[in-house]
Amino acid sequence: MDGKLDERKPQNRMVLDAEREKEYAGSLSGIFDELVECNIATGQCRSIFFTKDKSCLCVNRTLEDFQAFAWERIHPEECGMFLGIFNKKRMEEAAGKGEHLYLEFRCLRKTGGYTWTRVLLIPEKHCRDIMLCYGIDLGQEDREVHVLKQIVDRYVYRNCDYLICLDASKDAYTLLRRNEGASLFPPDSSGSYSRMIGFFIDTYVVKEDRERVRKEMQMDHVLSVLDKEGEHTVSYGVTDSGKGYFRKRFQYVYYDRANHIVLLMRTDITKEYKEQCRQKERLRDALQHARVDSLTGLFNRQAIHREIGRFLNDPRHPRAVLLFMDLDNFKNVNDTMGHRSGDQVLCQVAELFRNTLRSSDLIGRVGGDEFVAFLTGVVSEEEGMECARRLCDAVGGITDPMLGPMKLSCSIGGAVCPRDGQDYDTLFVKADAAVYEAKHRGKNQCVFYMPGMDHSTSSMS
């Protein structure tokens, strides 16, 4: 090795095999602090050269020694990673693939205290059984940089797709770190944050989110939110060609408020988003079951009460008609055909009511064979009576082989708002009284409430 190269070597360098040093390290010898040759087949290790006070691996004579060394000298946070590399099986895999292994870890010095070390393991070109382990002791400044790098790398790689530094005053950005397992990266630096987000939004963000995201990512808006809240987040959907839909979140935080330097991190929240969608779906299902009659699919008793009450509480909706429909002699259907067939008939009646009424009207099942319809915007008894007759005629027109000779009919009582009442309970009681009167008159007819019918508290079958 020439004199200039020798001058680069530390004065406390101990060369145990000059020939191997020249072969394995060459002109780079001065860069490394130690070199250990590991024979995978025999498990033996030997030091080629090392630098006093800057080497730690040279004390190991076998691969088994590395295991004990790890537990005694390697910091607990890196011990598992160290053991994952310095073992026969992993080295055999790397040698077979020609793979280089890289690791940075903290090693406990004999004098006390941890110091950072960087190692690079490279398979020997001409012998697959030999793994060369190069070690570098990191200086104090390098260690501090390394710690910061480790924090960023671990945070970015575990939690987000990439990290960007924005210079808001110059509309510029720099891509600091990125997770290679992610996709849809911006260029490392385009010189223009505005152009970058414009391209990203138009190319990848789903249409329904574009305008909102465009507004939220404008730098003036970002700085305004950061000044008030200290953090700004934007979630949105993207489509990745060939991979489908993903949900992402941008998070902005100040790095240097005075100079308008901002850190932007993009995180994949697809898993969380899908779970939220599932929870919302379960909630909708629960609310639906709480509102809907399980047999007919109409509003149940509580829901129709609530919906009509909501309408009546709105001063913009002063007029309406409430109809109370009660099927005549339906007990005979259940007794003759059985309750299962009776339930099928009730479903037919419910569907008929739904199709006969307007989409703006409300319909619900409030009892076994009792239904309530609320005709919104109907201003007179005459209009309500016309609708009630249509419902009666429709029920009478039902033909079903399982009914046999039996014919269906219904009695309907009506109450007009605000004439007969302005709340659900009052209107229902008066419509119920009118149904009683319809039954008393012979059934299969429509009767609207009139004063004097209030004595009724229950309907005739």
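Per-residue extension of 0.36 nm, minus the Cα-Cα distance of residue 356 and residue 109, leaves a gain of 80.1 nm for this segment. Listed by Cβ neighbour count within 10 Å, with the fewest neighbours leading, 254, 449, 236 appear as 254, 236, 449. For the chain, the antiparallel share of DSSP beta bridges with both residues in that region comes to about 95%. The ranking of 399, 51, 336 by Cβ neighbour count inside 10 Å, starting from the fewest, reads 399, 336, 51. Pairs 170/228; 170/274; 54/89; 215/280; 280/331; 97/248: which are spaced more than 30 Å apart, C-alpha to C-alpha? Correct reply: 170/274; 280/331; 97/248.
For region 291-448, what is the percent of antiparallel DSSP beta bridges, rounded to the nearest 5?
Numbers: 20 of 24 bridges.
Of those bridges, close to 85 percent are antiparallel.
Annotation: extensible slack from residue 87 through residue 344 equals 85.3 nm (criterion: 0.36 nm per residue apart, minus Cα-Cα distance). For region 157-273, the Kirkwood estimate of hydrodynamic radius, built from reciprocal distances between every pair of different alpha carbons, is 14.4 Å. Remark: relative contact order (region 291-448) = 30 percent; criterion is Cα-Cα distance under 8 angstrom and separation of 6 or more residues.
Based on C-alpha pairs under 8 angstrom that are at least 6 apart in sequence, the chain has a relative contact order of 8 percent. Among the listed values (1) 123, 56, 41; (2) 82, 62, 39; (3) 93, 46, 33, the one matching Cα extents along the principal axes in Å as calculated from this structure is (1). Sorted fewest first by neighbouring Cβ atoms within 10 angstrom, 282, 389 come out as 282, 389. Extension gain, residue 441 to residue 272: 0.36 nm times the residue separation minus the Cα-Cα distance gives 54.6 nm.
Any read-out appearing in this document is the output of simple, stated calculations on the displayed coordinates, not a laboratory observation. Because the structure is a prediction, the values reported are computed rather than measured. A quick note on method: Cβ atoms are made from the backbone with ideal geometry, for glycine too, and the neighbour counts reach across all protein chains shown.
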